Structures are given as C-alpha cells and as structure tokens.
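See structure below.
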Amino acid sequence: MSEKKIIDERALLLNRRSFLGKSAMGIGGVGLASLLGSSFLEPNSPLSAGAASPSATLKGILDGLHHPAKVKRVIYLFQSGGPSQLELFDYKPLLNKRRGEDLPDSIRKGQRLTGMTSGQDTFPLVGSQFGFKQYGNNPAWISDILPYTAKVADDICVINSMHTEAINHDPAVTFFQTGSQQPGRPSIGSWLSYGLGSENENLPAFTVMLSRGTGRPLSQPLYTRLWGNGFLHSLHQGVQFRAAKDPVLYLNDPEGMNKSAKRSMLDHIAALNESAYTDFGDPEIQSRIAQYEMAYKMQTSVPDVMDTANEPDYIYKMYGADAKIPGTFAANCLLARRLAEKDVRFIQLYHMGWDQHDSLPSAIARQAKDVDQASAALIMDLKQRGLLEDTLVVWGGEFGRTNYSQGTLTADNYGRDHHPRCFSIYMAGAALSPGFTEKPMISDTTS
Amino acid sequence: MLLFVVSCNQNGPTEKTVSISGPNKQLPEQIDFTFHVKPILSDRCFKCHGPDKNAIEAKLSLHTAEGAYAALGEHLDRFAIVPFEPAKSTLVGRIFSEDEAEMMPPPESNLALTTYEKEILKRWVEQGAEYKTHWAFDAPVKPEIPELDASWGATPIDAFIRNKWQEMGLSASPEAEKTLLLRRLTLDLTGLPPRPEELKAFVADDSPEAYTKVVDRLLASVDHAEHMAAEWMSVARYADTHGYQDDFERIMWPWRDWVIHAFKENMPYDEFVTYQLAGDLIPNATKEQILATGFNRNHKITYEGGVIPEEYRVEYVEDRTNTFSTAFLGLTMECARCHDHKYDPISQEEHFELFSFFNNLDEKGLVSDKNEIPAPYLSLTQEDIDGVLAFVNAPENTTDQKAKTIDVMVMKDMSAPRDTYILNRGVYNQPTEKVFPGTPDRILEFSDELPKNRLGLAEWLFDEKNPLTARVAVNRLWQRFFGVGLVSTSDDFGNQGSLPTHPELLDYLAITFREKAWDMNAMISLIVHSDTYKQSSKLTPEKLEIDPENKWLSRAPRLRLSAEVIRDQALAMSGLLVKEVGGPSVKPYQPDGLWKETTGGGGGSTARYVQGSGSELYRKSMYTFWKRTVPPPSMLSFDASSRDLCTVKTPQTNTPLQALVLLNDPQIIEAARGLAQQSLHKNNTLEDQLEYLYLATTGSLPDASNRKQLTALHAEMVDQITRKEVDPETYLSVGNSKVESSMQNTSFTALALTAHTLLNLDQTITRS
C-alpha cells in the first residue's frame, strides 16, 4: 500500500508521457540509460503488503530499456579543476622537442582562450616534465606519475579525444554533471535515480563524497547544486556522505538520547499517524510512516557501510595509507566500493585541486599521488569481487589544459591554462573495451 | 561518451491533468478539438508538423486548419486532412498503417498513438476536423455563473465547482471541524499556526461573522505580507549570493523588504508588477519604485575570472526574459531561444523582440572585483531610510554612519538602447537579423501607441485584451489554497501545458480580479470564503476511487507545509520565534562544515558559515541566508526551490531525509522544548498539558483514543528517562536557548520528548 502510493505518486507527478513531450530529444537522448540495468519492484514483493515496510527499492520511471543493460551502477571519480591530460595520459613528445616555441597560428586558429592567458605576449609550448611509458596488452601511454594506474592499463579505456564547450570551471563542471552549463537542471545521478529507481532498500540511490587535493588545497570550489535534483522530486537528490560526526546530514540521534528512546518515539509517531490515517484516509500518511522507518534503517545502514574497521589489511594496502584517514580520496574510494556492493545506483566522488595554472610540475605530482593508488585499487577491488562486470567507473574532470605555458616557462617550472577542446578521461567496467585507447581524430596539440 | 538528456525546457516533467489515454475508454460522442484532439497532435505530431518552421517535415503543419487542409505532394493531389472524409485523409491512413515506412508517428521517433487516440483523430475528421484556437491565447470571457443551490455553496466559486460534480457523481464534503478550519486558514494566510487559545476562542464563537473577522484580521497582519513575500522570493529567484563559482555575497534584502511592504499595503497586482518591471521608467520615479526593479536583477551574476563577459551578459538578459514569461505569462519562452517554439506560437524572432526590452542596461557580464556591486545600482541613504524607504530594516551599524549607503542592484536603461539581434541558435556571438521591442503576436500584438520600453511592456501586460496575465495570476493564487492550480501546470499555459479543469471558473476569477482593480487580498478573501475551501479534507473510499487526485475538489486537499512554514511553525509554537520584519538575512543552525568543505578559499564572507547568535537563530525562514551554490540543506529536503531560476510551483515530496531533519535538527528539538515550556506554564495538570501540545501541533482537540495515546507516550518517555535511555541534562541543552536547571527533571523532559514526537506527526507538517 505505502509503496504503491509512492510509486503512483511519482508516476502521477512525473509521468513518462509528459516527460517525452517536454524534452526536445525525447527519451532517445538518454544514451547512458541504455547501458544501465534496472531492477523493478516485484508486484508481489512482501514489501508491498505491510504498511510499515518502507522501501527505496523503487521502480524508476522507465518501464523498459531498448537494449539489454550491461551496467547496474556508476562510480564517477570526478577530478575537479581540469587535470592536465599532457602530464597524465596524452603523450606528446613533439611538445618536448619544440619546447619554448610560440604556439603556431596554424594550431591555435584563433580559438578562444580564457581571460587568464589571452593577454600573454607569447604562448611557449611545453611538454610534460614527466616521462611516459606504454603499458598493457594494447599498449596505452601512461605517465610516470600514475604508476598504479599503469598496472590496471588492461582494465581501463583511456579517451584522449574529449571535447567540451565551456572554458571556465563553473559552467564546465555544471555541464558535466547536469548536461547544461547554466545551473538549474537535475544532475546525472538524479536522472538515473528518477529513470531507473533504486536497488537498495536502506541507502539512497545517489550518494556523493568529497575530498580535497594536496596539489592545490585552496583552488576551485564545489557547489552542492551539482548533485541537486533540479526540477525532479527531492527523492532524487544526491545524498552527501561525509567524514563528519553526522555521516549523512541529521543522521545522528540528538545528544542525550539512546536508540531505545528513539525507537520508542518512532513507534508512537507511527501509532499516532495510523490514527490520523483512520481519520483522514489519506494514503500519503501511510507513505509518511514508511519514510520514517526508512530513516530509522538509514541510521543503521549508513554507519554500517561507512565503518571500514573490519576491512582486512590487504585491502588497506591496496588502497594506500590514506584509506585510513576519513575524508581522503582513498578513503572515499574504499567507501565507493562498499556502496557498490550494496547496489547503490550512482556513487559520485569529487576530488578538488586539479587547477594547475602555475607550479604545475610539483603540484600535479602531489595531486596524482592523492588519487593514483586508490583509483587503481578501486578497479582491482571491484574486479576481484566480480563487480566490475556491471559497474561503470568514470575518471576525469571538466576540461583539459593548454599545450603552452601559462606564465613564464623556466627550466623546471610552468603552468597551464584551461583547454576544453582536447583532453583525457578514462573509464572502466563492463560496457567498455578494456585496454582500449581512443585517440583524438584531429589533434590540436601537435603529436 | 556519456550522453545527457538535453532539452530546451527548464521546467521539466509536468503532470497532465486531462488524461487522454487508456485502453478501454469510451469514445466521446462529439469530439472537442481543445480537449480531445489537440493534446494528441501537440504531443505526438507537432515536433515535426508544428509551429517550428525550420523543423517541418513534408511541408505539412498540423497546428492550423490552413496547414492541415493544404494540398501536398509533388502534384498537390494529396491531403493530410479532408474534413468529413477520413478515407481521403492521408493522416488517417498513415496513423492506422502498420507498414513501418508509412506509419505515423514513425517508429524511430519513439512516439506512438494508442488505438483510442487513433480513433479520436479519425472521428474528429469524420465530424469535420474543426480547429479551435488555443484556449489560453484568447482573452477570457466572463462566463455565466451556474445556478446556485441554497443547500450548499453560497459563492460563484462553489457554483462552478459543484457544476462539475453532477457529471462525476460527486458531492460536497461536510465543512471541516472548526479547529482544523482555523488552522488551515491561519497557515494558508500567514504561514504560522493559530495559538491554542485562538483555536479555543474560535470554537466558542458562534457568531455568523466569526470566520470573516478572522479572515480580515489575518489579511491585515504583517505575517500575511511576509508569507506572500516568501512565495514571491521563489518566483523572483531571490538569493543572498551571486550564484556562480566562489558565490560572493550580494545585498538584495532591501528589495525583499519592499516586497513585504507592498503586500502589507495590499498593493494592487498591476502596480506591484509594474513597479518591479519598470519602476525606474515611471515619470519622476521615486526611490521606492526604483528599488522594486531589483526584481530583474535577482538573477545569478558571475565573478569567475576568464569568462567571456558578453556570453554571460546575454545569459542575464535571457534570465530576465524567461522570468518575465514564466512569472507573468505562464509561457516557456526559453524554448524559443535557439529555434521557433516547438509547440507554441512563439517564433525565435519574437523571443528576441521580448529579449530586447531587457537588453538595455549598462551592465557587465563579468564582474572582476569581489567588492564591486554590479551596476546599475541604487544607493539608499540614511535620509531615504528615514523617509520614503522607511520599510527597509537597515541594521544599526549602517544607520549610525550617516555617510554610508546601502547599494542595491536595480534596472536602469542606457540613454540609447542597445541594438538587439536574433542570436543564431541562441549563441551570444552569432547575431543575425536586427529586431525591435515587441511581443508574441498570437498572445497580443504590441501596440504602436505604447512606449517601446519596459513601461510599455507593463502596460501591455495589463491590457484588458491580454489573455494570460490575469489567468496566470489567479491560477497561482488558487494553487496556494488548493495545492494545484486550475491549470495544474502553473508554469505553462501553452499547448503542452495542462488544460484547465474548470475553464469557466478560471475566467470568472481572472475577470473578477481585473474588475476588483487587481486587489489581491480581495481575491484571497473570495476564495477562502467559498464553501469549497471550507470543506473537510477527510477522504472516503468512493471519493478516492472517483477522484484520486482531487481534481474536482469535492473535498479539501491535505497539503504538506512548505520548508519555510515547517520550521517557522515550530518556532512559533515554542515561543522562540522572533518576529522582526526585514533586514539583512541571518544564519541559523546549519550542520558544521558545509560551506567549508566546498569552498575554494574564495568567497569572502561565504567561504565559511558563521552561525548567527541570539535572535538571528529564531527569525522566520524567509530571512535565512541563501547561498545559491550551497543552499540551506534542511530547506532543500523539504523541496524549497534552489533559487537558480524563477520557480512558480514546488513539489511536495515525502522522503526519509525529511524524517531525519524533523527528528534530529537542533532547531526542531529546541523548539519542542520551548513548546513544552509553553504548555507547562499555561496548564496545571498533565492531561491539560498534553492536550495543549496536541492542539498546538495538529490543530485538533484530542479524542478519547488520542488522549490514551498521548498518556501512553508521555508515560513511555518517563520510563525511558528512568531507565537512563535519555539524559535530561544533555537532551535539554540542545540549541542555544537555556533551560533553568530546576527544569531538568523527569517530568519536564518527558513533556519535551512528547512535544518532539508531536512535531514529527504527519498532521503537524500537513494542513488538513
């Protein structure tokens, strides 16, 4: 009863037909959705009978997919700030050969620069300070500052031909998370929650974790609106899991109150709500009762999933020393795996600090060290548990960086400005051809 | 790579009120174009055969009779529609065709017609394929009021509502219990609950004027003005920060104070809107009129180094254009930015004609200094605040220093208007043809007599022949009191919007609004005096069966309270609420670290959340500081709009995160304790104390069974405390307000826990 109501309510509020009518591309535009599986609530599930059986195992709005789904969940390791493809994945030896030469007009072709370098007199080309080697059966070029990533070369698919329109952080990140440069639209995780529903009863379908990089500790901000539900139901909001006293906002019972007292309070709330239901006959009251039970379950399920104390030593060794420090990227990667095991639909991580306008060599080395081991560990860990088959892992930022130095180029120092027209990300998981490197069709960074 | 759903619509999926599908539905005898045919054509056909000239396939357009009846094909020998002749109409053949190459809509469009829908179209052609214009784009006509019945329904509203029931087999619900009615009225009009004493007094007052007296008292209150203003802040996308990247603080609260003032004065709607649209252009404009134009500067503004200023300046003008269209016309104007509108008769040229009204500010796309206030702005001096702007609640540290001013962004046109061009695909640096100020012809032509500026646009808006302004406004008022507008898509009155459930009532209200000189309180009074409004919200199985969505209003809706009201009513019940009106926004409790963990170090005053102290913790939620990139989380959980864009309608969800807020937010726990204190001070026996709590929170007097439940609840809490499951000292110290140590006893703590429980009830956060 209660769930049916929730589902009906959702169907009423956001029915598929009006969705199709409203969006110019129609549902055909949800390319990603066809990669993703969806489990639908069984009509005769025991959960659908009991009034006080809440469930977030809710059917999404889509009632079927056009192609069999290969992926059930997504882990998006967002690298915020614009990681330099030239120091990570996009091997450009010619840039080293032509170091210091001014960027030729034949390459720039009058393209837009940001206001931060458009005033420079010269645009001296600069290659990577770090070496590159090829790894894997289908050799992929990977930088020396990503030694652990190199070890999973056969499991990842590097894409060196990424392109985006936006050239500044806010519009670029907002585009990657919502499909629009201007804020106001639902984020990708909210869409998936809306379209495909949730597979876990006790955890939100869309979770978010943040970490701050050591490459540039104070750099570009994030915005909670990046995981906002836009115009969708707030049920589809990303729920932030934090390395704080309250791992989810308002999760902990008030101080001075034990579980037993809270349980008793909840029982009385339910009883009084039941009386109101008898009086008013409004099915929404049943739904309220169910949501309170769900909240109660989250009070156990969230701390459970976030308590990594029982992870064996070899796991900590895989993810690295940082994995024991809550709030680091490594700790968040380990949590991402635990959430994936619980079938959380969309697990969004953000790692800040990839905005190397200056002092790039030293800063990016630190920044790479923050994420290299744990990112690779996550892929290996998912693989050894058989989860990589139906998980899509995405690693990347909002744009890349210029092939010329921002500021003065010295013997061991340079910076790079934003560059949206060619940059790198990688993905891993079942839907992809592992070990594949997608090269730019036309390179504008002199290869 | 990843594909995203990209659509030009910012308002998203919306509910269709009038269902046109369903396998076993009986075909109507007489097909009506507006109600039966057009929803099908608009939804399945207009994408390729509709108003967008550049998207038309096979030279066939189906949105006008002329287009639909035209000869087609190389030899001009075929016709999509031949009235009365389905056999000669290729439309009929193609929609019934099973040949994939022939069938319409084509399979690859992922659009399909049900058998019922095909039959509708066929019968429509048989009956002559008559076209009617879109209802919302023809001016309202005052309808005849259906006959009244002495037994129920004294007002015209009731006559229109009851008229529909006869078709449906529905009848009126009894009037709501007096206490619940007063709670409903008080919450709806003021956003605060009635006090238990008020509830009891109302029950005791049998005089026929009792209800009207309350309505008049509430409408005259400043709480009412604030409650109206709170909704307007969502429409106007008000915020205390600029909204992009580092998200610096801005000062727009004096504009918000003006909105409260305008509602307090019951300013007529035409004046209210004209001041905001064009106050600066009114001859000899006062500072009040200029301040009101801050409405059009509430959009986001970027300070992110490196952006192309013109790209963002165009975004700001777009935002004003779209806000104007959504708020006042109920049109999705943003859909005509890159191409002609796919569903509504708005060309891309007309989009930019409207855009040109808002394109004449000497403003920057990129503001580079964080201390710079984006021009144009108005400086409010101490003299203004002592005089014409007395409603601005300036803090003392400003008023002390005579020289200091408060600078608020406003509208001001340049002496020579900027040239406006159609932007190819809506892109800032691709101007094509030059355009001049104008409005969509199909709505209402922009008269040559009008000045070609925002003041002329305001006059156009309130022209008697404008078909949308009054309807859109009364529909939004209706939505306040019934949860859903008579047009459920209050943000879209176009072809893809819902049809009105009660078109005659909508027009009656629209024309009445104009006849009453746009008097908003008079309209509110009209609505709340109807018997429709006063009905009980109790649901019977028959009513649930016949009308699950309550479209036909044979009962009052139960509505979950807004994010603002849920917090404010808890504060009000507790006695903690500080009723100061206006002034700079404040920072109540918020979980630690939320701003800090997302800041890049910039942001200045918005890099870290510095919680306020004293009265700042207990102001109404409309005064809570709104950082646009990291809004107050408890408000978002209860569906507050993000303030990124104009929002005229917010959903009412029911989620576990809401339960967590009500159970564990210190604001609520502290309020529960305050409420328990109120109860203790005003009542001597435990029974009376419990009754007080129940009445305060739910608006009902407990019945015998409730009394048992309350007694059991309290006894259980005493037991929990005795068993040390609750530590009174710690529990009672949540929040900044202090409890005397003499109160740290079992009985008071149990009463506080009881109040805490009651603040979590569905009835408490719902107005019945």
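The values are calculated or read from the model by the stated rules, or taken from the named source; none is laboratory data. Please read all numbers here as calculations on a predicted model, not as lab measurements. Virtual Cβ from ideal backbone geometry, glycine too; neighbours counted across all protein chains shown.
Annotation note: Cβ proximity below 8 Å between a residue of region B:71-94 that is over 22 Å from B:Thr114 (Cα atoms) and a residue that is exposed (fewer than 14 other Cβ atoms within 10 Å of the Cβ) and aliphatic (A, V, I, L, M) (sequence gap 6+ or interchain) occurs for B:Leu72/B:Ala58; B:Asp77/B:Ala71; B:Arg78/B:Ala71; B:Phe79/B:Ala71.
Just checking, how many residues over region B:428-443 are free of Cβ contacts under 8 Å to residues at least 40 places away in the same chain and of a type in the set (A, V, I, L, M, F, W, C)?
Residues of region B:428-443 free of Cβ contacts under 8 Å to residues at least 40 places away in the same chain: B:430-432, B:434.
Now restrict to residues that are of a type in the set (A, V, I, L, M, F, W, C): none.
Number satisfying all stated conditions: 0.
Here's the yes/no breakdown for (1) of a type in the set (A, V, I, L, M); (2) within 25 Å of the chain's Cα centre (by Cα); (3) closer than 19 Å to B:Thr469 by Cβ:
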{"position": "B:Gln276", "(1), (2), (3)": "no, yes, yes"}
{"position": "B:Asn284", "(1), (2), (3)": "no, no, no"}
{"position": "B:Arg297", "(1), (2), (3)": "no, yes, no"}
{"position": "B:Val307", "(1), (2), (3)": "yes, no, no"}
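Considering only region B:345-359, how many residues are outside any helix (DSSP H, G or I) and buried (at least 21 other Cβ atoms within 10 Å of the Cβ)?
Taking region B:345-359 and keeping what is outside any helix (DSSP H, G or I), we get B:345-347, B:359.
Of the ones still in play, those that are also buried (at least 21 other Cβ atoms within 10 Å of the Cβ) are B:345-346, B:359.
The qualifying residues number 3.
Elements of the type helices (runs of 4 or more DSSP H) sitting completely within region A:116-219 and holding at least 3 residues that are out of contact with any Asp or Glu (no Cβ under 7 Å at 6 or more places or on another chain) and under 24 Å from A:Ser80 (Cβ atoms): these cover A:169-178, A:188-196. Looking across B:Leu710, B:Leu680, B:Leu753, one residue alone is touching a strand residue (DSSP E or B) at 6+ places or on another chain (Cβ under 9 Å) and not hydroxyl-bearing (Ser, Thr, Tyr). It is B:Leu753.
Summed over region A:69-87, residues that are within 13 Å of A:Met427 (Cβ to Cβ) and modelled with pLDDT under 95 total 2.
Could you check, for region B:734-746, whether at least one of its residues is facing chain A (nearest Cβ under 7 Å), surrounded by 18 or more Cβ atoms within 10 Å (Cβ to Cβ) and not aliphatic (A, V, I, L, M)? No, region B:734-746 contains no residue that is facing chain A (nearest Cβ under 7 Å), surrounded by 18 or more Cβ atoms within 10 Å (Cβ to Cβ) and not aliphatic (A, V, I, L, M).
Screening region B:380-495 for helices (runs of 4 or more DSSP H) wholly inside it with 3 or more residues that are under 27 Å from A:Phe231 (Cα atoms) returns the ranges B:469-482.
Please tell me if B:Gln611 is surrounded by fewer than 20 Cβ atoms within 10 Å (Cβ to Cβ) and more than 14 Å from every other protein chain (Cβ to nearest Cβ). Quick ask: steps written out before the conclusion?
On the way: surrounded by fewer than 20 Cβ atoms within 10 Å (Cβ to Cβ): yes; more than 14 Å from every other protein chain (Cβ to nearest Cβ): yes.
Yes, satisfied.
Looking across B:Leu675, B:Leu663, B:Leu751, B:Leu680, one residue alone is of a type in the set (A, V, I, L, M, F, W, C), within 13 Å of chain A (Cβ to nearest Cβ) and buried (at least 17 other Cβ atoms within 10 Å of the Cβ). It is B:Leu663. Just so you know, in region B:647-660 the residues that are part of a loop (DSSP other than H, G, I, E, B) and facing chain A (nearest Cβ under 10 Å) include one that is surrounded by the fewest Cβ atoms within 10 Å (Cβ to Cβ), and it is B:Thr650.
Any idea which residue in region A:231-244 is farthest from B:Glu597 (Cα to Cα), counting only those that are in a loop (DSSP other than H, G, I, E, B), under 17 Å from the mean Cα position of the chain (by Cα) and not hydrophobic (A, V, I, L, M, F, W, C)? Within region A:231-244, the match that is farthest from B:Glu597 (Cα to Cα) is A:Gln237. If you go through region A:358-393 and pick out every residue that is under 27 Å from A:His419 (Cβ atoms), at pLDDT below 95 and touching a strand residue (DSSP E or B) at 6+ places or on another chain (Cβ under 6 Å), you end up with 1.
Could you list all residues from region B:121-161 that are in a helix (DSSP H, G or I), in contact (Cβ under 8 Å) with a residue 60 or more places away in the chain and touching a helix residue (DSSP H, G or I) at 6+ places or on another chain (Cβ under 9 Å)? Listed by number, the residues that qualify are B:Leu121, B:Arg123, B:Trp124, B:Trp135, B:Ala136, B:Pro156, B:Ile157, B:Asp158, B:Phe160, B:Ile161. Selection of region B:690-711 for residues being surrounded by fewer than 17 Cβ atoms within 10 Å (Cβ to Cβ), in contact (Cβ under 8 Å) with a residue 12 or more places away in the chain and under 25 Å from A:Lys259 (Cα atoms) yields only B:Thr711. Just to be sure, is B:Gly306 on the phi > 0 side of the Ramachandran plot, small (Gly, Ala, Ser) and surrounded by fewer than 24 Cβ atoms within 10 Å (Cβ to Cβ)? Spelling it out, B:Gly306 is indeed on the phi > 0 side of the Ramachandran plot, small (Gly, Ala, Ser) and surrounded by fewer than 24 Cβ atoms within 10 Å (Cβ to Cβ). Quick check, is B:Arg183 out of contact with any His (no Cβ under 6 Å at 6 or more places or on another chain) and under 30 Å from B:Leu576 (Cα atoms)? Spelling it out, B:Arg183 is indeed out of contact with any His (no Cβ under 6 Å at 6 or more places or on another chain) and under 30 Å from B:Leu576 (Cα atoms).
Rundown of residues vs (1) of a type outside the set (S, T, N, Q); (2) at pLDDT below 95; (3) touching a Cys at 6+ places or on another chain (Cβ under 7 Å), yes/no style:
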| residue | (1), (2), (3) |
| --- | --- |
| B:Ser498 | no, yes, no |
| B:Leu505 | yes, no, no |
| B:Leu509 | yes, no, no |
| B:Ser525 | no, no, no |
| B:Ser530 | no, no, no |
| B:Ser537 | no, no, no |
| B:Thr540 | no, yes, no |
| B:Asn550 | no, yes, no |
| B:Leu559 | yes, no, no |
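Tally time: how many residues in region B:614-646 are in a helix (DSSP H, G or I), out of contact with any helix residue (DSSP H, G or I) (no Cβ under 6 Å at 6 or more places or on another chain) and within 8 Å of another protein chain (Cβ to nearest Cβ)? Walk me through how you get there before you give the answer.
Residues of region B:614-646 that are in a helix (DSSP H, G or I), as a first pass: B:614-618, B:621-623, B:633-637.
Then drop every residue that is not out of contact with any helix residue (DSSP H, G or I) (no Cβ under 6 Å at 6 or more places or on another chain), which leaves B:614-617, B:623, B:633, B:636.
The next check asks that each one be within 8 Å of another protein chain (Cβ to nearest Cβ); those that pass are B:633, B:636.
Residues meeting the conditions: 2.
Residues in region A:245-277 that are facing another protein chain (nearest Cβ under 7 Å), crowded, with 17+ Cβ neighbours inside 10 Å and in a helix (DSSP H, G or I): A:Ala261, A:Ser264, A:Met265, A:His268, A:Ile269, A:Leu272, A:Asn273, A:Ser275, A:Ala276. Restricting attention to region B:712-727, the residues that are within 7 Å of chain A (Cβ to nearest Cβ), assigned to a helix (DSSP H, G or I) and touching a residue at least 12 places away in the same chain (Cβ under 8 Å) add up to 2.
Looking across B:Glu687, B:Glu670, one residue alone is touching a Ser or Thr at 6+ places or on another chain (Cβ under 8 Å), surrounded by fewer than 18 Cβ atoms within 10 Å (Cβ to Cβ) and of a type in the set (Asp, Glu). It is B:Glu687. In this structure, is B:Pro503 within 14 Å of chain A (Cβ to nearest Cβ) and surrounded by fewer than 23 Cβ atoms within 10 Å (Cβ to Cβ)? So B:Pro503 does not fit the description; no. Filtering region A:150-206 down to residues that are within 18 Å of the chain's Cα centre (by Cα) and free of Cβ contacts under 8 Å to residues at least 40 places away in the same chain, which residue is nearest to A:Ala340 (Cα to Cα)? That would be A:Gly179.
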